[in-house]
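The structure under discussion appears below in the form of structure tokens.
Nothing in this text is a laboratory measurement; each read-out follows from the coordinates by a stated rule. Every value quoted in this text rests on a predicted model; they were computed, and no experiment measured them. All Cβ positions, even for glycine, are placed from backbone atoms using ideal geometry, and neighbour counts span all protein chains on display.
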Amino acid sequence: MEKKLKIVVGNCPQNHKCPAVKVCPVGALSQNGFEAPQIDYDKCIACGKCSKTCPKKALVLS
Ligand code: SF4
């Protein structure tokens, strides 16, 4: 089965600018203020770069 990226909102402290938004090569992540990022599944290629970047494991590719 193809892997899919999920946001584990409970792992995100939602108190900072998400570093993973800039890491995404296809611009699939966006963030409203300091909220947990949102995924545009039409853009996401499930590369896993964002999940490696997030120190809180709030972006999980599984
Ligand atoms: S898995 Fe890759 S393409 Fe998808 S949101 Fe994360 S960095 Fe972007």
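Taking 20 °C and 1.002 mPa s as the conditions, I'd like the Stokes-Einstein D for the chain in µm²/s, using the Kirkwood hydrodynamic radius from alpha carbon pairs.
So the translational diffusion coefficient is about 188 µm²/s.
Which of the trypsin sites (Lys or Arg not before Pro) found in the chain are loop residues per DSSP with 15 or fewer other Cβ atoms within 10 Å of their Cβ?
Here the trypsin sites (Lys or Arg not before Pro) that fit, given the DSSP loop and packing criteria, are Lys3, Lys4, Lys17, Lys43, Lys56, Lys57.
Give me the percent relative contact order of the range 5-61, please, defined on Cα pairs under 8 angstrom at least 6 residues apart.
Once divided by the residue count of the range 5-61, the mean separation gives 45 percent.
What's the lysine pair count for the range 5-61 at a Cα cut-off below 17 Å, pairs eight or more apart or interchain?
Lysine pairs satisfying the spacing and distance rule in the range 5-61 number 15.
When the Karplus curve 6.51 cos²θ - 1.76 cosθ + 1.60 is applied with θ = phi - 60°, which whole-Hz ³J(HN,Hα) does each residue of the range 19-33 get, with x for Gly and Pro?
x, 6, 4, 6, 6, 4, x, 10, x, 8, 10, 9, 9, 9, x
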